[in-house]
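Engineer: Below: one structure in structure tokens.
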Amino acid sequence: PEEARRRLEAFTETYGNDPLSGLVLAYRGHLALRAGAAGEAESLFRKSLQGFPGGQFQDDCRLGLARALESLGNRDEAERYYLALAAKRNSRLAGEAQFRLGALYERGTGVEKDLERAKIWYRRAAEKGHPKAMHNLAVLLSSGDNPDMLQAARWFREAAERNLADSQYNLAMLN
């Protein structure tokens, strides 16, 4: 992995204006996120977004940047990136951004906790086929003062059919 990182860095230094550099920067950003280096990831994603504004991996960079910002505690800016991506009808990553918005509002970390908004975003992501959003929506629907167990069971079933173990367990407990 270290050798690959060095080669990717060398590529972006040597071929900085090549459109593939935008992809390499995005990939390096994702590697930095996985390694827990959110600050480095933020820098790499911003560099890709600024250097290659028309690149085909811009949505990946926006999602990665939002995740890095969230990790760094800049949840307001992360929320703005998630919202922009969630609103893009044709983006393959809209569902992931919607899921992450649901999680932000459910936890209320850095944004105002709002379970109703969390449900809205989880539902949107769930309708796009996001299994974790299905599960989290079902958990919220099955709790609180006015649980909707019928809808909760529906979403647990949908997530269970996508092999989400927690939903399989919860569905079994409902039966």
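Engineer: Any chance you could give the angle, 0 to 90 degrees and rounded to 10, that helix 38-51 forms with the longest Cα principal axis of the chain?
Structural biologist: Relative to the chain, helix 38-51 is tipped by roughly 70 degrees.
Engineer: Kindly identify the range 1-86 as rounded, prolate or oblate by the Cα gyration tensor criterion: order the square roots of the eigenvalues as a ≥ b ≥ c, call it rounded if a/c is under 1.5, otherwise compare a/b with b/c, prolate if a/b is larger, else oblate. Mind dumping the intermediate values first?
Structural biologist: Working: a/c = 2.59, a/b = 1.39, b/c = 1.86.
Oblate shape, in that a/c is at least 1.5 and b/c is the bigger or equal ratio.
Engineer: Could I ask something else about it? Per the helix-only calculation at 222 nm, which mean residue ellipticity applies to the chain, given -39500 (n - 2.57) for every DSSP H run of n ≥ 4 and division by its residues, nearest 500 deg cm²/dmol? The partial results should precede the final answer.
Structural biologist: On the way: 10 runs with 130 residues, N = 175.
The helix-only estimate for the chain comes to -23500 deg cm²/dmol at 222 nm.
Engineer: Rounded to the nearest 10 degrees, what's the angle between the helix 131-141 long axis and the longest principal axis of the chain, both from Cα atoms, 0 to 90?
Structural biologist: 40
Engineer: Suppose every Lys and Arg Cβ carries +1 and every Asp and Glu Cβ carries -1, with no other charges. What dipole size does the range 34-175 come out with about its Cα centre, to the nearest 20 debye?
Structural biologist: Numbers: 22 positive and 19 negative charges, 81 e Å.
Here the size comes out at about 380 debye.
Engineer: Given that just one value was derived from the coordinates, which of (1) 61, 42, 30; (2) 60, 31, 29; (3) 49, 31, 28 is Cα extents along the principal axes in Å?
Structural biologist: (2)
Engineer: Test of understanding: what is the full-extension gain from GLN50 to LEU20, defined as 0.36 nm times their sequence separation minus their Cα-Cα distance? Walk me through the intermediate numbers first.
Structural biologist: On the way: separation 30, 0.36 × 30 = 10.80 nm, distance 1.41 nm.
Extra length from GLN50 to LEU20 when fully extended: 9.4 nm.
Engineer: What list of ³J(HN,Hα) couplings, whole Hz, do you get for the range 161-175 from phi and the Karplus terms 6.51, -1.76, 1.60, once you set θ to phi - 60° and write x for glycine and proline?
Structural biologist: Listing the rounded values in order: 5, 9, 6, 7, 4, 4, 6, 4, 5, 4, 5, 4, 6, 6, 7 Hz.
Engineer: Tell me the relative contact order for the range 50-175 as a rounded percent, counting alpha carbon contacts under 8 Å between residues six or more apart. List each step's numbers first, then the result.
Structural biologist: Numbers: 170 pairs, mean separation 17.6, N = 126.
This gives 14 percent for the range 50-175.
Engineer: Now for a separate question. Zone of MET173 (label point 7 Å along Cα→Cβ, backbone N under 15 Å): which residues in the range 108-137?
Structural biologist: From the range 108-137, the list is 135-137.
Engineer: If Lys and Arg each add +1 and Asp and Glu each add -1, what is the summed charge of the other residues whose beta carbon sits under 13 Å from the beta carbon of GLU77?
Structural biologist: On the way: positive: ARG46, ARG62, ARG67, ARG75, ARG80; negative: GLU42, GLU70, ASP76, GLU79.
That sum, taken over residues with Cβ under 13 Å, equals +1.
Engineer: In percent, what relative contact order does the range 1-124 have, based on Cα pairs under 8 Å that are 6 or more apart in sequence? Before the final figure, lay out the partial values.
Structural biologist: Numbers: 161 pairs, mean separation 19.0, N = 124.
Once divided by the residue count of the range 1-124, the mean separation gives 15 percent.
Engineer: Also, quick follow-up: With a 1.4 Å probe and all protein chains left in place, how much accessible area per residue does the range 1-133 have, in Å²? All intermediate terms of the calculation are to be shown ahead of the outcome.
Structural biologist: Numbers: 7350 Å² over 133 residues.
Result: 55 Å² of accessible area for each residue.
Engineer: Under a 5 Å amide H to amide H cut-off, with H placed in plane at 1.01 Å, what residues pair with GLY108 once short-range neighbours are removed?
Structural biologist: It is ASP114, by chain and number.
Engineer: Multiplying the sequence separation of ASP148 and ALA87 by 0.36 nm and subtracting their Cα-Cα distance, what value in nm do you get?
Structural biologist: Values: separation 61, 0.36 × 61 = 21.96 nm, distance 2.73 nm.
Additional length available on full extension: 19.2 nm.
Engineer: Taking all protein chains in place and a 1.4 Å probe, what share, in percent, of the accessible surface of the range 1-118 do carbon and sulfur account for? Intermediate results must be reported in sequence, preceding the final value.
Structural biologist: Working: 3160 of 6550 Å².
That fraction is 48 percent.
Engineer: Add +1 for every Lys or Arg and -1 for every Asp or Glu among the other residues with Cβ under 13 Å from the Cβ of THR109, and state the total.
Structural biologist: Residues close to THR109 contribute a combined charge of -2.
Engineer: I would also like to ask the following. Give the peptides 163-171, 132-140 in descending order of average Cβ contacts within 10 Å, highest first.
Structural biologist: Numbers: 163-171: 16.6, 132-140: 24.7.
Most protected by this proxy first, the peptides run 132-140, 163-171.
The values are calculated or read from the model by the stated rules, or taken from the named source; none is laboratory data. Treat the numbers as computed from the prediction; the structure is a model and nothing was measured. Reconstructed Cβ throughout: ideal geometry from the backbone, glycine too, with neighbour counts over all protein chains shown. To get the accessible areas, we keep the full protein, side chains included, count just its heavy atoms, and leave off ligands, DNA and RNA. Shrake-Rupley method; radii C 1.70, N 1.55, O 1.52, S 1.80 Å.
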